[in-house]
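What follows is a single structure, written as C-alpha cells, with notes after it.
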Amino acid sequence: MTPTEPSRPSAPERRGAHVGPGLHVQGEISGQEDLQVDGRVEGNIVLGEHRLTIGAAARVTADISAREVVVFGNVKGNLRARDRIEIKKDGSVVGDLATARIMIEDGAYFKGSIEIERGAESAASAQAR
C-alpha cells in the first residue's frame, strides 16, 4: 500500500456457512466448513470434520453427521458426531445419538437412544487389558 492509496477495511472474519431464518432447504447439505442453521432444513446434513450449530429458531428434520453438533433449536432425526453432541436447555432432539461425548442441559428435551462410541485410542487400550 502506498501512502496515497486509501486504506481498505479488512474483510470480516468468516466463521462458516449460514442458513438464515428465512430459508427452507430440502435435500442434502454437505460441506467442508462449519455451518449455522437458523432456518428450516429437511434431508441430510453431512459436514465431516466440521461443527454444526442448530440455532434456537431452527427446525431441522434430517439425519446429521459432523465432528460436533450443538442444538439450541428443534431436531428430528439421527445425530452422529465424532467428537461431541450438546443439547442446550431449550433444545429438542427426537432421534438416536452416536458420539464420543454427550452433554444434555437441564430443561432440554430428548427422546431416543444414545450410543457412546470410544475413540480409536481408548478402544485400543481397552483391548490391551
Taking the Cβ-Cβ separation of residue 83 and residue 61 as r and a Förster radius of 22 Å, what is the calculated FRET efficiency to the nearest 0.05? 0.40
Whole-Hz Karplus couplings 3J(HN,Hα) for the stretch 80-87, θ = phi - 60° and coefficients 6.51, -1.76, 1.60, Gly and Pro as x, run 10, 10, 5, 9, 7, 10, 10, 10
How large is ³J(HN,Hα), in whole Hz, for each residue of the stretch 99-111 in order, when computed from phi with the Karplus curve 6.51 cos²θ - 1.76 cosθ + 1.60 and θ = phi - 60°, using x for Gly and Pro? 6, 7, 9, 9, 9, 10, 6, 4, x, 6, 10, 9, 9
About the Cα centre, and with charges only on the beta carbon of Lys, Arg (+1) and Asp, Glu (-1), how big is the dipole of the stretch 17-111? Nearest 20 debye, please. 180
The equivalent-ellipsoid semi-axes of the stretch 32-77, taken as the square roots of five times the Cα gyration tensor eigenvalues and listed largest first in whole Å, are 15, 11, 8
Determine which lysines satisfy two conditions relative to residue 76: a Cα distance under 16 Å, and not lying fewer than 8 residues away in the same chain. 88, 111
In whole Hz, the Karplus estimates of ³J(HN,Hα) for the stretch 45-58 (6.51, -1.76, 1.60; θ = phi - 60°; x where Gly or Pro) are 10, 10, 10, x, 8, 10, 9, 10, 10, 9, x, 4, 8, 6
So what's the net charge close to residue 67: Lys and Arg +1, Asp and Glu -1, counting the other residues with Cβ under 11 Å from its Cβ? 0
Please state, rounded to one decimal and in Å, the Kirkwood hydrodynamic radius that the stretch 17-111 gives when every pair of distinct Cα atoms enters the mean of 1/r. 12.6
For a quick check: sort 111, 88 by the number of other beta carbons within 10 angstrom, fewest at the front. 111, 88
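Each reported figure results from applying straightforward, stated rules to the coordinates on display, with no laboratory input. All of these numbers come straight from a predicted model, not from anything done at the bench. In this analysis, Cβ positions are derived from the backbone assuming ideal geometry, glycine residues included, and neighbour counts consider all displayed protein chains.
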